Amino acid sequence: MSSLIVIGRLDGMIQSKQEGLSFNPDQADIKDLGFCDGPDQALSYRPPRPERLPYDLWCTDRFLSIKPEDDSPSIGSVEIGEALVYDNRMHAEIDFTGFRVRLSLRRDAYQAYLQYIGEVPRPEPGDEDCWQGWIVLRIPSEPFEFPAPRGGSDPWQIAKPVVGRLNLIKQFAFDEIEIQALRDGQDHRVTFDDAGRRQRPGWRPALTLRT
């Protein structure tokens, strides 16, 4: 069976009461997403992008959230839907769509995920080898299509919105998920040259959660 692959980077979070840099385990930006049929296979069925985006690199258009869920008969569920692009300079949404992946994990699975991510020591200035919060999610799923982005040609003109109601793309429960932090045993980042590839020698083992 194929798997839905989500590659994201956890938001950084500075601890105020103790030294160290950790990552917000509940929020991430999605850098790539698609489907993979097996080990060492490249991603397919990626969400479409227009040839020219009407917004700049200050904007975020793909979001990942992870939260606990009580009384779930499955390990978790995933909901994928349209979301408005967010302008990080203006701290506001604009009239153009990206998408959001909402991952809910059963309470015990969520706690295992928190323990797996853990806290990472603050890197020394100029240290480019430290883990940057990159994670990969692998969830068994048959491929499905993503809609094309939509919105205004000038998406900052919110007085006359084009997008309107946001649509649900896909929602399903799952009984197995693999979470891979892209780091080694010393919390150094690892080379990741293909979005669909399995872990490599030297990587910290992935966290596999099953019912």
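The values are calculated or read from the model by the stated rules, or taken from the named source; none is laboratory data. All figures in this text were calculated on a predicted structure; none of them were measured in a lab. Glycine also receives a Cβ, built like all others from the backbone with ideal geometry; neighbour counts cover every protein chain displayed.
Please indicate, with yes or no, whether at least one residue in segment 193-211 is farther than 24 Å from residue 38 by Cβ and either at pLDDT 90 or above or in a strand (DSSP E or B) (or both).
Just the residues of segment 193-211 that are farther than 24 Å from residue 38 by Cβ, to begin with: none.
Within segment 193-211, not a single residue is farther than 24 Å from residue 38 by Cβ and either at pLDDT 90 or above or in a strand (DSSP E or B) (or both).
Scan segment 53-87 for residues that are in a loop (DSSP other than H, G, I, E, B) and more than 17 Å from residue 112 (Cβ to Cβ) and jot them down. Spell out the reasoning first.
Keep residues of segment 53-87 that are in a loop (DSSP other than H, G, I, E, B), which gives 53-58, 61, 70-75.
Result: 53, 54, 55, 56, 57, 58, 61, 71, 73.
Inspect all residues belonging to segment 155-174 and state whether any of them is under 18 Å from the mean Cα position of the chain (by Cα), modelled with pLDDT of 95 or more, aromatic (Phe, Trp, Tyr) and closer than 24 Å to residue 117 by Cα. Checked segment 155-174: at least one residue is under 18 Å from the mean Cα position of the chain (by Cα), modelled with pLDDT of 95 or more, aromatic (Phe, Trp, Tyr) and closer than 24 Å to residue 117 by Cα. Against the numbered list (1) under 19 Å from the mean Cα position of the chain (by Cα); (2) closer than 19 Å to residue 204 by Cα; (3) surrounded by 12 or more Cβ atoms within 10 Å (Cβ to Cβ), residue 118 comes up short only at (3). Applying the set (1) out of contact with any Pro (no Cβ under 6 Å at 6 or more places or on another chain); (2) closer than 23 Å to residue 164 by Cβ to residue 97 leaves exactly one unmet item: (1).
Can you confirm whether residue 83 is of a type in the set (A, V, I, L, M) and surrounded by 18 or more Cβ atoms within 10 Å (Cβ to Cβ)? Reasoning before the result, please.
Numbers: of a type in the set (A, V, I, L, M): yes; surrounded by 18 or more Cβ atoms within 10 Å (Cβ to Cβ): yes.
The answer is yes for residue 83.
Taking the criterion of being part of a strand (DSSP E or B) and touching a residue at least 40 places away in the same chain (Cβ under 8 Å), the residues of segment 180-192 that qualify are 180, 181, 183, 188, 189. List, please: which pairs have Cβ atoms under 8 Å, are six or more places apart or on different chains, and start with a residue in segment 145-157 that is of a type in the set (S, T, N, Q) and end with one that is assigned to a loop (DSSP other than H, G, I, E, B) and surrounded by 12 or more Cβ atoms within 10 Å (Cβ to Cβ)? If the second residue must be assigned to a loop (DSSP other than H, G, I, E, B) and surrounded by 12 or more Cβ atoms within 10 Å (Cβ to Cβ), the pairs left are 153/54.
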